[in-house]
Structures are given as structure tokens and as C-alpha cells.
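What follows draws every value from the coordinates through simple rules; no lab data is involved. Predicted model, so just to flag it, every value in this text is computed and none were measured. A quick note on method: Cβ atoms are made from the backbone with ideal geometry, for glycine too, and the neighbour counts reach across all protein chains shown.
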Amino acid sequence: MIYFDSDYMAGAHPKVMERLLKTNHLQTVGYGSDDYTKHAAELIKDACGKPDARVYFLTGGTQTNATVIDGLLAKHQGVLAAESGHINVHEAGAIEASGHKILTLPQHEGKIWASELKEYIENFYNDDTYEHMVAPGMLYISFPTEYGTVYSYEELKEISDICNKYQIPLYIDGARLAYGLAAENGSVTLKDIAALADVFYIGGTKVGTLFGEAVVITNPTLLKNFFPLIKQHGALLAKGRLLGVQFEALFEDNLYEDIGLQVVNKAIRIREIFKSKGYKIAADSPTNQQFICLPNHIIDQLMPNVSFELWGPRGKEETTVRFVTGWTTTDQEIETLAEILDKL
């Protein structure tokens, strides 16, 4: 069986695991107050070009989104997001559980349009009864999106300008940020993300760590009491050094960037294999998630040997499926996939 289900099915990248083993018997203070975590934060701030940013390490993506969003919003406010956004679709109501409503915007291949964001905010405040309604208190987007698509720099800048104009924070979910930055023909850098977002996070779970995400706060006026909020949301690790050591490994010697490039290149190869055999590509993704529309009988013939996800309910005759590459994906696995498709 070869696996293309997701990018977090294996353990840790060998270089990350090596660092964990090397430091395993050391004793350090807890909760991220150790020197490894402090050094990892400095490496991240340097990579972002934001020496005055604040960096915190949390246990996982859902905890990170719930904690950041709860911290940014007042009780009467909700979070704007694409209707296909991860927090709206695949986080089991974690945001609503913290007392905040998700205010959905139309999605266009996973992205929102700046014009529709502006229209939503203006329509809200032009309604005389707006004080009886949930106010748009921030914007959530992900880079890349649920469909593997990425915003251009120009799109991000326009969105950021609107958020600044209406004084709502822009928060970017970066669970797969490495793959967004490595996107085919992409133009956005980590420094761009840091310059345009008020808060964002750098995903580790899907990019070679055992677990963990790094929250970067670039707007100094926000989340001033973030540490206790992390603990309230169950996202604080007592053995905080484990997070620091892993991100230290990712951000030394360009490992984070290298993983992103290698993984995206493998995903593009898979897309081209399906295209060469006449299958329809369901979403124009330049990242490590590839969406293909396959006849159901082809899906059934693939499944005994290839593991992947159906993207939504099974259709009557054909269904969109998702193939995802990760740091463990090998050239041999891609070649085996091609050989299996040849036989079909």
C-alpha cells in the first residue's frame, strides 16, 4: 500500500528526530522558557524579518486557531472566513465552542475576494440595527487554502489594506505554509506574510515535526496576554523544549524551505501523471494537495493498493479525490502510482 492521504501520517523528519534524540536526556525548565525554545523563536523572527515579533509554540493546529481567534475577538464579535475555510468545515465547531460565530464569505477556489470582504463590512455598518448583530472582528484566511490554492502578493496586500482600513486583524492559518511559499510559480515570501498579517502561524505538524505550531504576532498591540490564554485552551506543553528543539531544527540550514520545495515538486509530478492519462484536474493547486476528478470504477480499482481521500460525498459516476504529498513521499511511490494507473 502506498499512502497519499495527508502530510502528517509519519513521525518526524530525520533531522528533527536526530535533534530530539540528541537533547533527550537534558533537563530544562518547562513551558517554553528554555534556551532551545528561545533560540527557535529568534530563528523564526530572523526568517520573518521581524525582530520585534513575539513567537509562541502551541501543540496543534486546531488549538492554535481556537486560541488565537478567542484572544483576538471581543465577546460580541465573530471571525470572517471563507465558507470553505478550515475553521468552518473541519474543526468540529472549535471556534463556536469558544463563544464566537464564524461569519462566512463566498469562496473562490478556496480564496476570498477583497471586494466581497469590503462589501460585507460596509453592509454591516450601514445597517441601522448592526448593534444587535455579531460584528466582524477579524479575518481568517489560510495560506494555502483548503483547495491547495494560494493568494498572490497583490491579493494579500489588497486584503491586508482593507483589514487595516476597518481596523480588524488579519490572521493567516499557516498549517501548510511551507507548501504555500514553495508553490509552483508562487511570488509570496515568508517576509511578505509577516509584513501583511497581524498574526499568523507556521505549521510544523504537516512539515516534519512530530507536533507543534509556531504563532508569530507581528502587531504589538494584539494578544498581550497570550500565554495564559494558551494554557486555558489546553495548547501549552509542559515539556515546551520539545517544541523549541523541533522548530530550531526546521529553521536551521533552510530545512523548512527545503521540505516545502521537495514536497511540492512531488505533488506537481503526481498532477502531471493524472493529466497525461486524461483525468480531469478538479482544482488548480500549485501546492502539495492535488485534487483529481476520477470515475468511481477507477477509484475502486485504485483503493486496494493506493490510499487517498475522497473529497466530499461520493458522486453517482465520478468523485473528486485528494492526493497529498509529504516529506516521506518517495520517487518510487510516485512511479508505482503511475504503473498502477497504466494497468487500469
When the chain is treated as a GNM, springs tying every alpha-carbon pair under 10 Å, which of Arg19, Arg241, Arg322 comes out with the largest mean-square fluctuation? Arg19
Give me the lysines in straight-line cross-link reach of Lys277: C-alpha distance below 28 Å, same-chain residues under 8 apart excluded. Lys266, Lys316, Lys343
Across region 328-341, in residue order, what do the Karplus-derived ³J(HN,Hα) couplings come to in whole Hz, using 6.51 cos²θ - 1.76 cosθ + 1.60 with θ = phi - 60° and x for Gly and Pro? 8, 5, 10, 4, 5, 5, 5, 5, 5, 4, 4, 5, 5, 5
Identify which of Thr59, Thr319, Thr37 has the largest mean-square fluctuation in a Gaussian network model of the chain, with springs joining Cα atoms closer than 10 Å. Thr319
What are the residues whose amide H is under 5 Å from the amide H of Ala82, where those residues sit 5 or more places off or on another chain and H is modelled from the backbone? Leu105
Give me the distance in nm between label points sitting 7 Å out from Cα along the Cα-to-Cβ direction at Asn126 and Arg314, one decimal. 4.8 nm
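Which values, in whole Å and largest first, are the semi-axes of the equivalent ellipsoid of region 1-92 obtained as the square root of 5 times each eigenvalue of the Cα gyration tensor? Don't skip to the end; give the middle numbers.
Numbers: eigenvalues 167, 105, 35 Å².
Computed over region 1-92, the values are 29, 23, 13 Å.
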Candidates per trypsin sites (Lys or Arg not before Pro) in region 177-226, loop by DSSP, up to 11 other Cβ within 10 Å: Lys224
Cut-off 18 Å, label point 7 angstrom out along Cα-to-Cβ of Asn24: give me the residues of region 244-269 whose amide nitrogen falls inside. 244-247, 249
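Roughly what % of Cα-Cα distances in region 196-344 sit above 21 Å, to the whole percent? Please report the intermediate quantities before stating the final value.
On the way: 6296 of 11026 pairs.
So the pairs more than 21 Å apart make up 57 percent of the total in region 196-344.
Percent antiparallel among DSSP beta bridges with both residues in the chain, to the nearest 5?
Within the chain, antiparallel bridges account for around 60 percent of the total.
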Taking 0.36 nm per residue of sequence separation and subtracting the Cα-Cα distance, how much length would be gained by fully extending the chain between Leu344 and Lys224, in nm to one decimal? 37.5 nm
Under the 7 Å Cα-to-Cβ spin-label approximation, Ala195 and Lys277 lie apart by a distance in nanometres of 4.3 nm
Gaussian network model of the chain, springs between alpha carbon atoms under 10 Å - residue of Phe124, Phe247, Phe323 with greatest fluctuation: Phe124
What residues have an amide H closer than 5 Å to that of Asp173, excluding those fewer than 5 places away on the same chain, when H is modeled at 1.01 Å from N in the peptide plane? Ile141, Ser142, Phe143
Find the all-direction average of the projected area of the Cα convex hull for region 32-136, expressing the result in square nanometres with one decimal place. 8.8 nm²
Mean shadow area of the chain, taken as a quarter of the surface of its Cα convex hull (nm²): 18.1 nm²
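Which FRET efficiency value, to the nearest 0.05, do you get for Met17 and Lys165 by plugging their Cβ-Cβ distance into 1/(1 + (r/R0)^6) with R0 = 35 Å?
On the way: r = 46 Å, r/R0 = 1.31.
That gives a FRET efficiency of 0.15.
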Tell me, what ³J(HN,Hα) does each residue in region 212-224 have, in order and in whole Hz, if you take phi through Karplus 6.51 cos²θ - 1.76 cosθ + 1.60 with θ = phi - 60° and put x for Gly and Pro? x, 9, 10, 8, 10, 9, 9, 8, x, 7, 9, 6, 5
Bin all alpha-carbon pair distances of region 283-344 at 5 Å intervals from 0 and give each bin's fraction as a whole percent. 4, 16, 27, 27, 19, 7, 1
Within straight-line cross-link reach of Lys118, lysines at Cα separation under 29 Å, skipping those fewer than 8 residues along the same chain: Lys50, Lys75, Lys101, Lys157, Lys165, Lys191, Lys224
